[in-house]
Amino acid sequence: MIDKISNFKGYIKGVIVSIIVTIIALIVSKFIHFNTATTAIILGMIVGNLSYKIFHSKESPYKSGIKFAEKDMLMFAIALMGINLNFTMLINLGFKTMFLIIIAMVFTIFTGIFLGRLFGLNKKLSLMLGIGNAVCGSSAIAATSGVVKVSNDDMAISIVLVNLMGTIGIFLVPFLVHQLGFTDIQGGILAGNTLQAVGQAVAAGFNISDTAGQYATVVKMGRVLMIAPVVFILIYLAKQESKRNNTMQEKTKVPFPKFILWFLLFSALASFQVLPKELEHFISHASHYIALVAMSAIGLMIHFGTVIRTGGKAFKVSLLLFMMQLIFSGMFILIF
């Protein structure tokens, strides 16, 4: 990463294109009221496919910069995202709610894998759909994709579909809460435990009531804190799989994503209130916009043909998964 930053001049053209797409996506998303990460990916796909030879040829002066944005800048953004997470939230949630978060997360990931297999999706895309729905949408997919070695196409498809389900959920969850007679607290927990992005969960919660919005926010942040444990589990599983598949008994190294350590460090800084609030807000905003630049870069490198071939099945899996996630959490909340 340090070497790449020192050679940043070679990446400028690709990074600038990604930034331009991001700026346009930010403007467009204000008019269509759609998730900015999804807008950035879709807009990047449109630009990238309309100028396919310019961005995808071997001699392209933009390619290395776009790849730098989609990989390295994304990891940097996720590391900075830790500043939004305060570990004391886990204490405030209480045992019952934390148990719901963990058990619903496990249920959603395994259900995603099962449905993906049922509909003929590849394992990695199925896993990303499960993790994206279970944990925290785009951030979780981006944080775990490097460990699982997911292709850019599968990563983008999963981010777009997971965010689409979350957008639907902003309107669906408040409707279900009122129809089923949930209390404001129950409704807030349901929104926080099922919707993918923080903004989506908060919006749905406050659409129910102020109390529901507050509970949705805290529960959702509790889910976001699960990014680190999920990454560590995936690293362990990857190492075990490499041992089983290695017939020559040679040690196969599974690279440890260092950005997770930085993610935890920034979380600790937030928890112990080491930094001034103004600096925390700056880092938080910086992580958001850097991540959007990375999403634009991901879109620029995707071919429409791949999305068309996979998108239909993946959409069915995402929709079914989201419905089952809602039913599972809703039943748990009612019973317990």
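No value in this document is a laboratory result; all are computed from the given coordinates. Computed from a prediction, not measured in an experiment: that's the story for all the values here. Here the Cβ is made from the backbone with ideal geometry for all residues, glycine too, and neighbour counts use every protein chain on show.
Things worth noting here:
- For the residue pairs Lys124/Lys313; Lys30/Lys149; Lys53/Lys123; Lys239/Lys313, alpha carbon separations beyond 22 Å are given by Lys30/Lys149; Lys53/Lys123; Lys239/Lys313.
- 10 Å Cβ shell holding at most 14 others, DSSP loop, GluC sites (Glu not before Pro): longest site-free stretch of the chain: 60-249
- Crossing angle, helix 184-194 versus the chain [Cα axis fit, 0-90 degrees, rounded to tens]: 30 degrees
- Cα long-axis angle, helix 198-208 against the chain (0 to 90 degrees, to the nearest 10): 30 degrees
- Estimated FRET transfer efficiency when R0 is 30 angstrom, pair Leu265-Leu180 (beta carbons, to 0.05): 0.10
- Label separation (Phe99 vs Met323): 3.0 nm, computed from points 7 Å beyond Cα along the C-beta direction.
- Rounded to the nearest 500, the 222 nm mean residue ellipticity of the chain from helices alone is -26000 deg cm²/dmol, with -39,500 (n - 2.57) taken per DSSP H run of at least 4 residues.
- Helix 304-335 axis, angle to the chain major axis (alpha carbon atoms, nearest 10°): 20 degrees
- Here the gap between Leu279 and Glu241, fully extended at 0.36 nm per residue and compared with their Cα-Cα distance, gives a gain of 9.5 nm.
- Take the Cβ atoms of Asp210 and His56, set R0 to 45 Å, and the FRET efficiency comes out at 0.40.
- Label selected from [x] 236; [y] 164; [z] 155, the criterion being volume of the Cα convex hull per residue in Å³ as computed here: [z]
- Theoretical FRET efficiency, 1/(1+(r/R0)^6), r = Cβ-Cβ of Lys313 and Lys149, R0 25 Å, to 0.05: 0.75
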